[in-house]
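Encoded as C-alpha coordinates, the structure appears first; notes follow it.
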Amino acid sequence: MKICTAVILYNPNIDDLKKSLPVYCDETDLVILWQNSLINDEFQLYCKKNYNNILVTGTGENLGIATALNHCVKLAELNDFDYILTMDQDSYFDKGMMTKYMSKIIKNNSMSVGIFGINLFQIIKSL
(Lines give C-alpha, C1' and ligand atoms only; values in the text may rest on other atoms or scores of the structure.)
Protein backbone atom coordinates (compact mmCIF):
# COMPACT_ATOMS: atom_id res chain seq x y z
CA MET A 1 0.00 0.00 0.00
CA LYS A 2 1.39 3.38 -1.03
CA ILE A 3 0.25 6.51 0.75
CA CYS A 4 1.24 10.13 0.33
CA THR A 5 0.50 13.20 2.40
CA ALA A 6 -0.58 16.51 0.88
CA VAL A 7 -0.27 19.73 2.84
CA ILE A 8 -1.56 22.93 1.28
CA LEU A 9 0.57 25.86 2.42
CA TYR A 10 -0.67 29.41 2.75
CA ASN A 11 1.66 31.68 4.71
CA PRO A 12 2.53 28.80 7.04
CA ASN A 13 4.22 29.03 10.41
CA ILE A 14 7.49 27.34 9.45
CA ASP A 15 8.33 26.22 13.00
CA ASP A 16 4.98 24.41 13.31
CA LEU A 17 5.45 22.85 9.90
CA LYS A 18 8.91 21.56 10.85
CA LYS A 19 7.33 19.79 13.84
CA SER A 20 4.75 17.96 11.72
CA LEU A 21 7.02 16.89 8.85
CA PRO A 22 8.91 14.07 10.63
CA VAL A 23 5.75 12.00 11.19
CA TYR A 24 4.48 12.55 7.65
CA CYS A 25 7.87 11.68 6.17
CA ASP A 26 8.46 8.66 8.41
CA GLU A 27 4.99 7.17 8.13
CA THR A 28 3.98 7.92 4.52
CA ASP A 29 5.85 7.40 1.27
CA LEU A 30 5.77 10.95 -0.08
CA VAL A 31 4.90 14.38 1.31
CA ILE A 32 3.59 16.93 -1.17
CA LEU A 33 3.87 20.51 0.05
CA TRP A 34 1.72 22.62 -2.26
CA GLN A 35 2.55 26.33 -2.22
CA ASN A 36 -0.62 28.40 -2.26
CA SER A 37 1.72 31.19 -1.22
CA LEU A 38 5.46 31.33 -1.72
CA ILE A 39 7.55 29.72 0.97
CA ASN A 40 11.08 30.93 1.49
CA ASP A 41 14.14 29.31 -0.05
CA GLU A 42 15.58 28.58 3.40
CA PHE A 43 12.66 26.29 4.22
CA GLN A 44 12.87 24.57 0.84
CA LEU A 45 16.58 23.94 1.46
CA TYR A 46 15.74 22.58 4.92
CA CYS A 47 13.30 20.11 3.32
CA LYS A 48 15.84 18.92 0.74
CA LYS A 49 18.59 18.59 3.34
CA ASN A 50 16.55 16.69 5.94
CA TYR A 51 14.12 14.57 3.91
CA ASN A 52 14.29 12.56 0.71
CA ASN A 53 10.54 12.14 0.25
CA ILE A 54 9.24 15.71 0.15
CA LEU A 55 8.05 17.34 -3.05
CA VAL A 56 7.65 21.12 -2.80
CA THR A 57 5.46 22.22 -5.67
CA GLY A 58 2.73 24.71 -6.56
CA THR A 59 2.59 28.09 -8.17
CA GLY A 60 3.01 30.24 -5.08
CA GLU A 61 -0.33 31.82 -5.95
CA ASN A 62 -3.46 31.20 -3.91
CA LEU A 63 -5.47 28.98 -6.23
CA GLY A 64 -7.83 28.00 -3.44
CA ILE A 65 -7.87 24.82 -1.41
CA ALA A 66 -9.93 22.75 -3.87
CA THR A 67 -7.71 23.49 -6.87
CA ALA A 68 -4.57 22.82 -4.83
CA LEU A 69 -5.97 19.52 -3.53
CA ASN A 70 -6.99 18.49 -7.05
CA HIS A 71 -3.41 19.06 -8.23
CA CYS A 72 -2.10 16.94 -5.34
CA VAL A 73 -4.58 14.15 -6.10
CA LYS A 74 -3.44 14.13 -9.74
CA LEU A 75 0.19 13.87 -8.60
CA ALA A 76 -0.76 10.97 -6.33
CA GLU A 77 -2.59 9.20 -9.15
CA LEU A 78 0.29 9.70 -11.59
CA ASN A 79 2.65 8.13 -9.06
CA ASP A 80 0.38 5.14 -8.31
CA PHE A 81 -0.48 5.99 -4.72
CA ASP A 82 -3.33 4.04 -3.16
CA TYR A 83 -4.25 6.73 -0.62
CA ILE A 84 -3.68 10.42 -0.09
CA LEU A 85 -3.78 11.99 3.35
CA THR A 86 -4.77 15.65 3.18
CA MET A 87 -3.71 17.78 6.11
CA ASP A 88 -4.01 21.42 7.09
CA GLN A 89 -0.68 23.14 7.53
CA ASP A 90 -1.26 23.50 11.27
CA SER A 91 -2.50 19.93 11.87
CA TYR A 92 -0.37 16.92 12.73
CA PHE A 93 -0.28 13.30 13.83
CA ASP A 94 1.66 12.23 16.91
CA LYS A 95 4.43 9.73 16.20
CA GLY A 96 2.97 6.28 15.59
CA MET A 97 -0.62 7.46 15.21
CA MET A 98 -0.49 7.56 11.42
CA THR A 99 0.47 3.89 11.41
CA LYS A 100 -2.48 3.08 13.70
CA TYR A 101 -4.80 5.14 11.50
CA MET A 102 -3.67 3.27 8.39
CA SER A 103 -4.12 -0.12 10.07
CA LYS A 104 -7.79 0.78 10.71
CA ILE A 105 -8.19 1.65 7.02
CA ILE A 106 -6.61 -1.64 5.95
CA LYS A 107 -8.86 -3.61 8.33
CA ASN A 108 -11.92 -1.91 6.82
CA ASN A 109 -10.98 -3.29 3.39
CA SER A 110 -14.06 -1.80 1.72
CA MET A 111 -13.86 -0.58 -1.85
CA SER A 112 -17.10 1.37 -1.31
CA VAL A 113 -15.50 3.84 1.14
CA GLY A 114 -14.14 6.97 -0.52
CA ILE A 115 -13.00 8.92 2.50
CA PHE A 116 -11.82 8.18 6.02
CA GLY A 117 -11.75 10.65 8.87
CA ILE A 118 -11.35 10.90 12.59
CA ASN A 119 -14.20 10.11 14.98
CA LEU A 120 -14.72 13.28 16.99
CA PHE A 121 -17.17 11.52 19.29
CA GLN A 122 -14.51 9.00 20.32
CA ILE A 123 -12.56 11.82 21.96
CA ILE A 124 -15.63 12.87 23.93
CA LYS A 125 -16.38 9.30 25.04
CA SER A 126 -12.88 8.81 26.39
CA LEU A 127 -12.86 11.92 28.59
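The values are calculated or read from the model by the stated rules, or taken from the named source; none is laboratory data. Please read these numbers as outputs of a predicted model, since none were measured by experiment. No Cβ is skipped: glycine too gets one built from the backbone with ideal geometry, and neighbour counts run over all protein chains shown. For the accessible areas, the whole protein counts, side chains as well, though only heavy atoms, and no ligand, DNA or RNA atoms are used. Shrake-Rupley method; radii C 1.70, N 1.55, O 1.52, S 1.80 Å.
Quick look at the numbers
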item: Sequence-distant residues sharing a close amide H with L85 (under 5 Å, placed H); result: C4, T5, A6
item: Trypsin sites (Lys or Arg not before Pro) lying in DSSP loop within the range 15-59, provided at most 12 other Cβ fall within 10 Å; result: none
item: Structure-based [θ]222 nm, the chain - -39500 (n - 2.57) summed over DSSP H runs of at least 4, per residue, nearest 500; result: -13500 deg cm²/dmol
item: Candidates N40, N62, N53: whichever shows maximal mean-square fluctuation once the chain is modelled as a Gaussian network with Cα springs under 10 Å; result: N40
item: Selection from I3, G58, N108, by position along the positive dipole direction of the chain (Cβ); result: N108
item: Accessible surface of the chain, 1.4 Å probe, proportion on carbon and sulfur as whole %; result: 53 percent
item: Percent breakdown of C-alpha pair distances by 5 Å bin, ordered from the shortest bin, for the chain; result: 2, 10, 20, 23, 21, 14, 7, 4, 1
item: Surface per residue (accessible, 1.4 Å probe) for the chain, Å²; result: 67 Å²
